[in-house]
Amino acid sequence: MQTAQKYIDRFFAKTRLDQANSFDGSPCIIWAGATGTKNGNGRYWDGQRHWVASQFAYALQHGEIPAGMRVWKNCGTQLCVNHLHMELITEADVGRRATDRYVSPPTFRCCGREKTPENSYGGPGSYQRRCKHCCHKSQKQWRKKPGVQDRINAQQRARKKQADN
């Protein structure tokens, strides 16, 4: 990767050292420049193209990133641009690692109840657990709306009529 020195200097001028966060004994280098992507990653212009800041830092040290590969930050700090904290992995590995890293909170956000199999919905393959109590409560409120019960009764009559035929 050929990049003019002025763009490299400008890149590192937009970073700061974070001693509080580290990985394998080296501190995180935090991107303090623009963040323009949907997921909050840093953005950088090197005079030729727009980069995700961590990808630019990796490419500076290790060369171009091969097609189909992604830069993974082992430190888990989203704005870290320390190339020592990064490695190249496949897109499939990104999905597996992101799922492994996620830890579901022990309580529901809606009501604060503890998550247990007895008090939550979420079928096979579902990544979202829903509180049974809050679901029942919202269904009751919905059914109290004007006209809703009439629609439910009409649907039930139509199903019964279809089953009879």
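A few remarks follow.
To keep it simple, each residue is scored yes or no on (1) of a type in the set (Asp, Glu); (2) under 21 Å from residue 100 (Cα atoms); (3) out of contact with any Ser or Thr (no Cβ under 9 Å at 6 or more places or on another chain); (4) free of Cβ contacts under 8 Å to residues at least 24 places away in the same chain.
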{"residue": "36", "(1), (2), (3), (4)": "no, no, yes, yes"}
{"residue": "61", "(1), (2), (3), (4)": "no, no, yes, yes"}
{"residue": "65", "(1), (2), (3), (4)": "no, no, yes, yes"}
{"residue": "71", "(1), (2), (3), (4)": "no, yes, no, yes"}
{"residue": "74", "(1), (2), (3), (4)": "no, yes, yes, no"}
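- Test: residue in region 122-138 that is more than 23 Å from residue 15 (Cβ to Cβ), outside any helix (DSSP H, G or I), in contact with an Asp or Glu (Cβ under 6 Å, 6 or more places away or on another chain) and not assigned by the TED database to the domain that holds residue 11: no
- The condition of being in a loop (DSSP other than H, G, I, E, B) and farther than 22 Å from residue 10 by Cβ holds for only one of 67, 92, that being 67.
- Residues that are surrounded by 15 or more Cβ atoms within 10 Å (Cβ to Cβ) and within 19 Å of residue 65 (Cα to Cα) were ranked within region 8-44; the one that is farthest from the chain's Cα centre (by Cα) is 11.
- Test for residue 44: is it in contact with a Gly (Cβ under 7 Å, 6 or more places away or on another chain) and part of a helix (DSSP H, G or I): no
- Filter result for residue 121 (aromatic (Phe, Trp, Tyr), at pLDDT 90 or above and in contact with a strand residue (DSSP E or B) (Cβ under 6 Å, 6 or more places away or on another chain)): no
- Sole exception among (1) more than 25 Å from residue 100 (Cβ to Cβ); (2) modelled with pLDDT under 90 for residue 43, by number: (2)
- Any hit, region 88-104, residues being farther than 30 Å from residue 129 by Cα and more than 15 Å from the chain's Cα centre (by Cα): yes
- The set of residues from region 16-40 being closer than 15 Å to residue 84 by Cα and either among the small types (Gly, Ala, Ser) or at pLDDT 90 or above (or both) comprises 17, 22, 25, 26, 27, 28, 29, 30, 31.
The values are calculated or read from the model by the stated rules, or taken from the named source; none is laboratory data. Note that the coordinates shown come from a computational prediction; the quantities given were computed from them, not determined experimentally. Cβ: placed from backbone, ideal geometry, glycine included. Neighbour counts: every protein chain shown.
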